[in-house]
């Protein structure tokens, strides 16, 4: 079942009436020195959704996750996970969630299998049940052969996969992944993304923080952009990008001398960007439809007798969205507040 | 017994198993808990055995028989301190958050860690008794006395583990825990671990009267020697149990305070 949210994005929700997976209202979290890591956050995540929480270091992502996973108390405001209040019903929250925090906190002297069995015991599984679950999860994350080796010898990707398996021991309703692929190579990252998608397809709600735009685009049904503890934009990646403008077609002319005629021919098809004196043979046009506008552009240039070298379509990226809503690029941006968490 | 209690019991068991098994996987962890007390036993038994000829020195079968209680209690102290160090490491490297985000009673997290300490202290005490036996110690008190000694060592380790855990929880600092290591020896030498209380200087004797380990060491000595005149086992048991209960409560309060402040 799919529902249209008030912000125009599509949420997948369970067919039975169920509470929001995450519900945050006016959440504030201060640290010593009145540093506000979270500053009046409101946020909803529907059951079955993958919610990408995007922001630079120190924006408040990790503090938010720590509040939602009962590791930190809010200074004010409320937060509910799977229908349970994180302060007043913390144990019920803990039963409903799986958590893989930013640093894969895994005892290097234990084996993967031992850790899974211990995690099973923490979640109330009995010996045989915990043993079976460990076998199944090691298989699921591709660590069966490494399961009896000490974790200290695992690669970063293996540790992350084990961390994910640990978070799944008790089949949680809501899975929190705090920057799950930071520091991983592209192969390990892709493998983890596949697993997250598979889990979500099985019905697990995923709350994912990331500072990687590609990760948010690849995984998230909806993205919330956080900056200085505030949610500054929210929606599907496509909707967020659409908000800040049309895709741009970059036309490389065969002959720079045709630039004037080309601009005149393309003007009716969209909004022309100002000519770049350094690249006289390039014309940039913002046009609705993106790649669908290529054919009319070629036709118009052909009719004007302009020879085309290449055409590239550039869609606005989430980084452009981030720049538009925060005034700075995501890459390299960092705030101090969340580091206090 | 309610289901919740059984469940928490399994949690304590799982955390205790983890604490104990990890202990034997790293030489750095075995060194202070097993090797160091034996080294001190060897040095003291060979270097100061002439003390046995001093007037007021109790009549025991051998000098090593007299000082092995000190080694056992030293081992218990170090096992307890290791508990705090391991807990600080869990806090510093994030493993503690894994425990806190699980639906377990907060007290079980402390008890689980201390349950591992109990196992470690019992293994240590048994090991030290056997090694000392091989080197000439004799235990006229018999097997029962040796078993009670192991139990006393376990309670003592829990007591020290409790205070070490409280410090670890309060500070979350691994380096601080490592820096308090020398204080173990202050506790040890202000108890009559290797010399009879009567032969300590008056000041040290006064201090020893306030050190609960004094009564545990003397109780172990009395038990092993089969001579209640060397130490009252009941007073030793009361000291060890009192220490364990008080310090475990302190660690639990420290955790609750930490969580309230989070």
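Bear in mind these aren't lab numbers, they're just calculated from the coordinates by the rules spelled out. Treat the numbers as computed from the prediction; the structure is a model and nothing was measured. Note that we place each Cβ from the backbone using ideal geometry, even for glycine, and neighbour counts take in every protein chain shown.
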### Query
Taking the Cα centre of each part, how many Å lie between region A:305-328 and region A:23-88?
33 Å
### Query
So what is the diffusion coefficient of region B:203-262 in µm² per second by Stokes-Einstein at 25 °C and 0.890 mPa s, using a Kirkwood Rh over Cα pairs?
188 µm²/s
### Query
Most fluctuating residue of B:241, B:203, B:68 in a GNM of chain B with Cα springs under 10 Å: which is it?
B:203
### Message
Only Cα pairs within less than 10 Å get springs; with that Gaussian network setup on chain A, which residue of A:279, A:202, A:312 has the largest fluctuation?
### Response
A:279
### Task
Based on the mean of other Cβ atoms within 10 Å per residue, sort peptides A:94-102, A:212-220, B:37-45 so the most packed one is first.
A:94-102, A:212-220, B:37-45
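Which shape class, rounded, prolate or oblate, goes with the protein assembly as shown when its Cα gyration tensor gives a ≥ b ≥ c as root eigenvalues, a/c under 1.5 marks rounded, and past that a/b bigger than b/c marks prolate?
Values: a/c = 3.16, a/b = 2.88, b/c = 1.10.
Prolate, since a/c reaches 1.5 and a/b exceeds b/c.
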### Query
For B:91-101, what's the mean count of beta carbons from other chains sitting within 10 Å of each residue's beta carbon?
6
### Distribution of pairwise C-alpha distances over chain A, 20 Å bins, in %
28, 47, 21, 4
### Alpha-carbon Debye profile of region A:110-238, log10 I(q)/I(0) at 0.15, 0.17, 0.21, 0.22 Å⁻¹
-0.74, -0.91, -1.23, -1.30
### Message
Given points 7 Å out from each Cα along the Cα-Cβ axis, report the residue A:149 to residue B:26 separation in nanometres with one decimal.
### Response
2.0 nm
### Task
With springs connecting C-alpha atoms under 10 Å apart, model chain B as a Gaussian network and identify which of B:226, B:75, B:19 has the largest mean-square fluctuation.
B:226
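Classify region B:134-217 from the C-alpha gyration tensor, please: rounded if a/c falls under 1.5, else prolate or oblate depending on whether a/b exceeds b/c. Before the final figure, lay out each step's value.
Numbers: a/c = 2.32, a/b = 1.39, b/c = 1.67.
The shape class here is oblate.
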### Query
How far, in degrees from 0 to 90, does helix A:186-201 lean away from the longest principal axis of the Cα atoms of chain A, to the nearest 10?
70 degrees
#### Entry: Pairwise FRET efficiency - residue A:103 versus residue A:78, Cβ, R0 = 22 Å, nearest 0.05
0.20
### Message
Just to confirm the number: angle between the C-alpha axis of helix B:63-92 and the first principal axis of chain B, 0 to 90 degrees, nearest 10?
### Response
20 degrees
### Query
Please state the equivalent ellipsoid semi-axes for region A:246-315: what are the square roots of 5 times the Cα gyration tensor eigenvalues, largest first, in whole Å?
16, 13, 10
### Task
Kindly express, to the nearest 10 degrees and within the range 0 to 90, the angle between helix B:3-23's C-alpha long axis and the longest C-alpha principal axis of chain B.
60 degrees
### Message
Apply the a/c threshold of 1.5 to the C-alpha gyration tensor of chain B and tell me whether it is rounded, prolate or oblate.
### Response
prolate
